[in-house]
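Enquirer: Next up is a structure, given as structure tokens.
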């Protein structure tokens, strides 16, 4: 499965997981979610102050970003760049593209799981809405915005969430409207970029 079909399938799986979690109230708490336990360090101390929790999240965020940056410099990262540039050529060179792509999907899932754990640690609760379409849309928008490099995608996600939350508060709860406008802008940007790349390949 490739391209838009893979994207649609992942969005559908996320939405199904959201519906299942929302209805599985004895386990997930339903729409209200569950409150997370206080963060506990190795020495037994608990982090109860908001500032301490945010520093904890930021420290682990820096560790994960460093790990991703290092991974992109390894053979694994180079092969993934080659697959993105010309999958057919890597097939011809003897690379098992499907295996590499599945490995990348597993790694991406691990990074997403780590990000979700940090989100729960920072907010102090988790709800089924975290599996919903809005979160998937934010991830998709970040991926589109940061196509050239995964780190740019991470920074784009931070910027998009900040614009949605801060701008939505300033504009009296119009965060979804701003998210939609960002989607339209990203689609126009991507279309122009593809058109520019085609013009360079076929002058």
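What follows is calculated from the coordinates using simple rules that are stated; it is not laboratory data. Here the structure is a predicted model, which is why all the values come from computation and not from measurement. Here the Cβ is made from the backbone with ideal geometry for all residues, glycine too, and neighbour counts use every protein chain on show.
Enquirer: Classify segment 16-143 from the C-alpha gyration tensor, please: rounded if a/c falls under 1.5, else prolate or oblate depending on whether a/b exceeds b/c.
Expert: oblate
Enquirer: Here's another thing I want to ask about it. Take residue 78 and residue 105, extend 7 Å from each Cα along the Cα→Cβ direction, and tell me the distance between the two endpoints in nm.
Expert: Computed distance between label sites residue 78 and residue 105 equals 2.6 nm.
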